[in-house]
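Notes follow once the structure below has been shown.
We did not get these values from a lab; they are worked out from the coordinates using the rules stated. None of these values were measured; they are calculated from a predicted model. All Cβ positions, even for glycine, are placed from backbone atoms using ideal geometry, and neighbour counts span all protein chains on display.
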Amino acid sequence: MKNFKLINHFLQPVLLLIIFTNHPSYAKKLTQTEFDHLISKNNQKGIQLHDDLAVALISGNHKLISDNLCAAYKMSKAQYEIASENSELLKAKRAKENAIENIKNIENIIPKNQKPMEKYCKDFQQN
């Protein structure tokens, strides 16, 4: 049951991310309120993903490590795209910079022979 909760807790942000990036109102222009809400949710999800990653690293669970890295990468990539699309909004520049920094940090973790991140995530999904 504990593993189910952990998996469910991991999947929920990923599903929300997919919805946000595929839903027309989030893939295009956002209002300031929508953007602020999205960034706030991303920050909360990011903190949880980092906590989950720490647990995975301590436990040595390679599948969970890769799942968390890929989820964080995809969330950061989506944030970058949304911030770029809404560059006129307050905090968009900072959100874009944070996303770039997160992506670079994540990419520095994986071995060079498994880069880029899209390849890394795709390879682990297939296994």
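Which distance in nm do the two modelled labels at LYS29 and LYS41 give, with both placed 7 Å along the Cα-to-Cβ direction?
About 2.1 nm separates the two model spin labels.
Hey, got a sec? Which trypsin sites (Lys or Arg not before Pro) in segment 43-112 land in a DSSP loop and have at most 14 other Cβ atoms within 10 Å? Write down the numbers at each step before the final one.
Working: sites: LYS45, LYS63, LYS74, LYS77, LYS91, LYS93, ARG94, LYS96, LYS104, LYS112; in loops: LYS91.
Those that pass, being in a loop and sparsely packed, are LYS91.
What FRET efficiency comes out for LYS63 versus LYS112 if R0 is 30 angstrom and r is the Cβ-Cβ distance? Round to the nearest 0.05. Display every interim value, and only then the final one.
Values: r = 21 Å, r/R0 = 0.71.
That gives a FRET efficiency of 0.90.
Please list the equivalent ellipsoid semi-axes of segment 60-127, computed as the square roots of five times the alpha-carbon gyration tensor eigenvalues, in descending order and whole angstrom.
Numbers: eigenvalues 134, 23, 20 Å².
One finds semi-axes of 26, 11, 10 Å for segment 60-127.
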